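Data first, discussion second: the structure below is written as structure tokens.
Bear in mind that the values in this text are calculations on the coordinates, not laboratory data. All values derive from a computational prediction rather than experimental measurement. Methodologically, a virtual Cβ is constructed for each residue, glycine included, from the backbone with ideal geometry; neighbour enumeration extends over all protein chains shown.
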Amino acid sequence: MRIPCPLCGPRDRREFTYYGSDDYLNRPAPDAGAGPWDDHLHLRANPAGETHDLWYHEAGCAQWLRVHRNTVSHEIYGAALVAGLKGGAQ
Amino acid sequence: MRVAGKGLIEREKPVSFTFDGRTYAGFKGDTVASALLAARVRVVGRSFKYHRPRGVLTAGSEEPNALIEVVGAKNQTPNVRATVQEVFEGLVTRSQNRMGSLRWDLLAVNDLMAPFFSAGFYYKTFMWPRAFWEKVYEPAIRRAAGLGSLSGRHDEGHYEKAFAFCDLLVIGAGPTGLIAALTAARAGADVILADEDSRMGGRLLSNGETVDGQPGPDWVAAVLAELSSLPNVRLMPRTTVSGAYDGGIYGALERVGLHKPARPDLPREAFWRITARRAILASGALERPIAFPMNDRPGIMMAGAVQSYLNRYGVASGKRVTLFANNDGARAVARDLMAAGVQVAAILDSRANASAVENCPVYLGARITDTSGRHGLRLIEGHHAGGAFKLETDCLAMSGGWNPTLHLTCHMGGRPRWSEELAAFVPMEGAVPGLVAAGAANGTFTTHGCLAAGHAVAEAALADLGLSPAKVALPRAEGLPYVVEPLWAVEGKGRAWLDFANDVTTKDVKLAAQEGYASVEHMKRYTTQGMAPDQGKNSNMGALAVLADATGRAIPETGITTFRPPYVPVSVAALGAGGRGMGFAPQRFLTSDQASRDRGAPMIEAGLWYRPSYFPKPGEATWRVSCDREVAMVRGAVGVADVSTLGKIDIQGRDAARFLDLVYTNTFSTLPVGRVRYGLMLREDGFVMDDGTTARLGENHFLMTTTTAAAGQVMRHLDFVHQTHCADWDVRFISVTEAWAQFAVAGPKSRALLNAVLDQPVQDFPFMACGAVQLGGVTARLFRISFSGEQGYEIAVPTRYGESLFRDLVAKAETMGGGPYGMEALNVLRVEKGFITHAEIHGRTTAFDIGMEKMVSPKKDCIGKAMAARPALVGPERQQLVGLKIATGTPPCSGAHLFTVGDKVGREESQGYITSFAHSDLMGACLGLGFLKNGRARHGEIIRIVDHLRGLDLTAEVCDPVFHDKDGEKLRA
Ligand SMILES: [Zn+2]
């Protein structure tokens, strides 16, 4: 598996550390209450198909990437710098 | 025997090798199989279950019978295919799966018991009595079963792993692959051409055909000469592409040194990961056997293999050869044999309406119904359209048609498609993104068709790659159509083998169907068909056809043959090359490493780091003696410890302080320049991630320290928080762990020791101060922090000065009654002081649990704050950090559970557990840190400690976790 890092080009997935769904980008307000916080941290869709998730190019540019990929075909459509998304998933 | 004037072997380079202790002659270019056939060695192995004598069946890596052990000085490799192993001077091989000699295998008695050894025999027979399984049946079966044996020693051979990248990977160097590689190479593409064989050319080396009017091997040599002259081509012979994976990655096993005498610097094998933008599968086709009664005798071979041994190795596989085929391919083999002067007894063509015109007898509509010859074929019997036949023959060349070698197209879930015309499965298109099958691998069985297909797919690949094709003229070659009429099995009295390696017969498959195992997957598991080293390459198709017949279904509706990686067995040694012993993980060494080892310090692992455990002095018999001395030394004088393993992160920018306020629970924006503050960091779920001190070196410049264990995790976390939540803030940070060597100087004489090495004595430098100091003209950083509870400093110098500073500090400390201390003493010192490590902040503890809830600032948000406030995470039901005073002389009991005295000792009654333990001379007790339910309210209680693992049952007094200098007077001295 190879991930197209916007800064480093396509690189072997062993250079990356997986985190999880891009739900993590949408941090609730501190006073949002237990429900939204629980959803944010623990409630995940488990899609068979397209998904967006977060990978850290630890052995590369140290950038967090939002990777658009397919859990069925394993196709990777693209990756964007999380820092460029200005704190929110589209 | 050898045939004069034939073959591509180098007759001027004779080679001798041994097989079962006897020396044989061969030539460079021979395989063990070809050399043994030349020497008329017919029995080369014994079958798995019945121990039937077996001979060479094929001329390739799919060989099921001729599996041998190759014995080296330092290696013993089982299940090597004699058809792949090249001979070299001094090669030692032996047969396997026998008891006694190969010719008179004592376990051949199994063959007489064959009626009892049908499919499912083991499942049915060895079930009762149950107690017998482990003690009697299994050891006996294991002794008798299994192919080959291991030496039981480490494989000391040298293996490699390697990576390659290319525009186009061409898998297989037959006519399809060669023309494809040439087409792409001339257009300027980066090409890797990988072929399993030692010599490239595929069937053109064996089939006797001409290309562009020249003998096949000559055309091959000309193409290879051009390819090897091009800088954009890498030729990889002896390299089997074994798997196709996501993202255009292919695994490949290269036999680097297996064809040569062992040399220390010569790898045996290399496992490659090849990343290719496009790939062409030109892996050819495999000929399939026919399951006729008693079809397993030595001398019964594949027709294509007989042709290979003749044309490529100059070996006649028999004196009087018979052919048995359901297609035209065998005719060419017969003609080649006759032209070389080998007698052909007859061609047995299973088709009723094929041509009968050959220079030898041709029987149409023929079936073989029996064979004889215990240690080699002597006689075959059967019938044909005109009656019965009985032929004396010592070699039968059979061909049941060809199966495209489509294995790689199945590796990512592709399902092959059934071709009625070819009576074979052909690859599914697009099964592996970027890979296209062509030539025989795609069901094109003529040389002309292969050349045209290879050229076409290479041009398509060039278009995909954005390269314009260069001119490649398509050479002339044979194009007679391939006509096949399926014949899978022949009825008769005797057993008809499908899977030679695992001894699975047509009867076994029929029995499986009869007993309800009608799906292919069930049948395979019940009969073990396809589970031998050849993984069903020779038998899947035949077994499927027999199963279809037995269940009254057509082949495609019965199932498909599918394949998983690897295509050939890949040694674990090659996959894990470099990963054994110290190669398993990287090693990180402190600048003081040599100085510590010079003092005899045993080194222990701390993550990837190696740290001194203690520094033994003469006469100190145990680690405890050294450790206790080092603790007393720090408390009474001064000690020096290397603490460079702590993570150090340099943080700068106008928003640096604001950023630290977000990642730490407590406030850093209020920290004055020149001061250090202890900080606590949470995960977003509210649990403690890490702790450490952060120094403010300037208005917009901080230095964060992390624990050794969590350095990587914290860096990842900081990058995450920054990039996801505040990417627009003006803050940047980088790990400087390796840039600074840092030493703790602790004890009442610590300031005196520092003053002995610093250019200027330490002036007004209170607890938690930091600043730059000069040391022999070098600028160092000094921090007034302590992990021991004594007056303490940490001094950091650029790494290149680390070793000399350590040696200097230690030497001067020793003149003051001090010296170095190791991890054991460090642990005792911190437990006495109640300082936590990752033994306590192990991922399940909150700030509340460790008594630091007041460090979560109410004035600001921070990562983890919202979730840390959940009701269940604060309160008396939580297990809270406590100290435990235990009787002296107690053995270590970290991990032991705590119980209320008088309670039952059970999982549900557990009140907590011990995380750290130390023998403390200072306190005259053994000390523990641990977590106890509602622990802060239970100081003074006597608690029971139970450790079933170590067989301990003790009591301890619950107390405050800070045992030593509770008010911190020594720290601030
Ligand atoms: Zn990158």
Quiz prompt | 0 to 90° range, to nearest 10: angle between helix B:711-725 axis and chain B longest Cα axis | solution = 90
Quiz item: Does a label point 7 Å from the Cα of B:S571, set along Cα-to-beta-carbon, have any residues of the range B:66-84 with amide nitrogen under 18 Å, and which are they?
Solution: B:67-84
Quiz item: Which part of the range B:36-62 falls in the paramagnetic zone of B:V71, meaning amide N under 18 Å from the point 7 Å along Cα-to-beta-carbon?
Solution: B:44-46
Quiz item: If one computes the Cα centroid of the range B:147-192 and of the range B:863-917, what distance in Å separates the two points?
Solution: 57
Practice problem: Scan around B:F19 for amide H atoms under 5 Å from its own, H built in the peptide plane at 1.01 Å from N, and keep only partners 5 or more places away or cross-chain. | Solution: B:Y24, B:T93
Quiz item: Ranked by Cβ crowding within 10 angstrom, fewest neighbours first, how are B:Y50, A:Y77 ordered?
Solution: A:Y77, B:Y50
Practice problem: Determine which lysines satisfy two conditions relative to B:K854: a Cα distance under 17 Å, and not lying fewer than 8 residues away in the same chain. | Solution: B:K865
Exercise. Evaluate the distance, in nm, between pseudo-label points positioned 7 Å from the Cα of A:R14 and of A:V72 along their respective Cα→Cβ axes.
Key: 3.1
Quiz item: To the nearest 20 debye, what is the magnitude of the charge dipole of the range B:178-286 about its Cα centre, counting +1 on the Cβ of each Lys and Arg and -1 on the Cβ of each Asp and Glu?
Solution: 300
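Work out, step by step, the length gained on full extension between B:S198 and B:I604: first 0.36 nm times the residue separation, then minus their alpha carbon distance; give nm to one decimal.
Details: separation 406, 0.36 × 406 = 146.16 nm, distance 4.74 nm.
Extra length from B:S198 to B:I604 when fully extended: 141.4 nm.
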Exercise. Could you work out how far helix B:175-186 tilts from the main Cα principal axis of chain B, as a 0 to 90 degree angle to the nearest 10?
Key: 50
Practice problem: Report the relative contact order of the range B:10-121, percent, no decimals, based on alpha-carbon pairs under 8 angstrom and at least 6 residues apart. | Solution: 29
Quiz prompt | Farthest positive-ward along chain B dipole, Cα basis, beta-carbon charges - from B:N540, B:S786, B:G251 | solution = B:N540
Quiz item: How far apart, in nm, are the 7 Å Cα→Cβ label points at B:R870 and B:D246?
Solution: 3.0
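Wrap a convex hull around the Cα atoms of chain B, take a quarter of its surface area, and give that in square nanometres.
Details: hull surface 200.7 nm².
Averaged projected hull area, Cα only: 50.2 nm².
Tell me, B:L102, B:L547 in order of fewest to most beta-carbon neighbours within 10 Å? Mind showing how you got there, number by number?
On the way: B:L102 20, B:L547 28.
Least to most surrounded, the residues fall as B:L102, B:L547.
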Quiz item: In debye to the nearest 20, how big a dipole does the protein assembly as shown give about its Cα centre with +1 on each Lys and Arg Cβ and -1 on each Asp and Glu Cβ?
Solution: 1860
Self-check item: Cross-link pairs beyond the 21 Å C-alpha cut-off, checked among B:K49/B:K510; B:K390/B:K510; B:K28/B:K161; B:K833/B:K859
Solution: B:K390/B:K510; B:K28/B:K161; B:K833/B:K859
Quiz item: Helix B:623-636 sits at what angle to the longest principal axis of chain B, using alpha carbons and giving 0 to 90 degrees rounded to 10?
Solution: 30
Practice problem: For A:E50, list long-range residues whose amide hydrogen, built 1.01 Å from N in the peptide plane, is under 5 Å from its own amide hydrogen. | Solution: A:T71
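Within a 10 angstrom radius of the beta carbon, how do B:I368, A:I3 rank from fewest other beta carbons to most? List each step's numbers first, then the result.
Working: B:I368 27, A:I3 22.
With the fewest neighbours first, B:I368, A:I3 line up as A:I3, B:I368.
Full extension from B:Q587 to B:R103: what is 0.36 nm times the residue separation minus their Cα-Cα distance, to one decimal in nm? Kindly include the intermediate steps, with their values, before the conclusion.
Details: separation 484, 0.36 × 484 = 174.24 nm, distance 5.29 nm.
Separation in residues times 0.36 nm, less the Cα-Cα distance, equals 168.9 nm.
Working out 0.36 nm times the residue gap between B:S519 and B:R732, then minus their Cα-Cα distance, what length gain in nm do you get to one decimal?
Working: separation 213, 0.36 × 213 = 76.68 nm, distance 6.12 nm.
Taking B:S519 through B:R732 to full extension adds about 70.6 nm, to one decimal.
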Practice problem: For the range B:465-476, take each phi angle, set θ = phi - 60°, evaluate the Karplus expression 6.51 cos²θ - 1.76 cosθ + 1.60, and give the result in whole Hz per residue in order, putting x for glycine and proline. | Solution: 7, x, 10, 8, x, 9, 6, 9, 6, 6, x, 6
Quiz item: Taking the Cα-to-Cβ direction at B:E969 and at B:C360 and moving 7 Å from each Cα, how far apart do the two end points lie in nm?
Solution: 10.8
Exercise. Please give the FRET efficiency for B:F88 paired with B:F767, using the beta carbon to beta carbon distance and R0 = 45 Å, rounded to the nearest 0.05.
Key: 0.05
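In deg cm²/dmol, rounded to 500, what helix-only [θ] at 222 nm does the protein assembly as shown give when every DSSP H run of at least 4 residues adds -39500 (n - 2.57) and the total is split over its residues? All intermediate terms of the calculation are to be shown ahead of the outcome.
Numbers: 23 runs with 212 residues, N = 1063.
Helix contribution divided over all residues of the protein assembly as shown: -5500 deg cm²/dmol.
When a/c reaches 1.5 or more, the comparison of a/b and b/c decides; with that in mind, is the protein assembly as shown rounded, prolate or oblate per its Cα gyration tensor? Intermediate values should be presented prior to the final figure.
Details: a/c = 2.40, a/b = 2.13, b/c = 1.13.
Prolate.
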Quiz item: Net charge near B:V56, counting Lys/Arg +1 and Asp/Glu -1 over other residues with Cβ under 9 Å of its Cβ?
Solution: +1
Quiz item: On average, how much area does the Cα convex hull of the range B:1-112 cover when viewed from any direction, in nm²?
Solution: 7.1
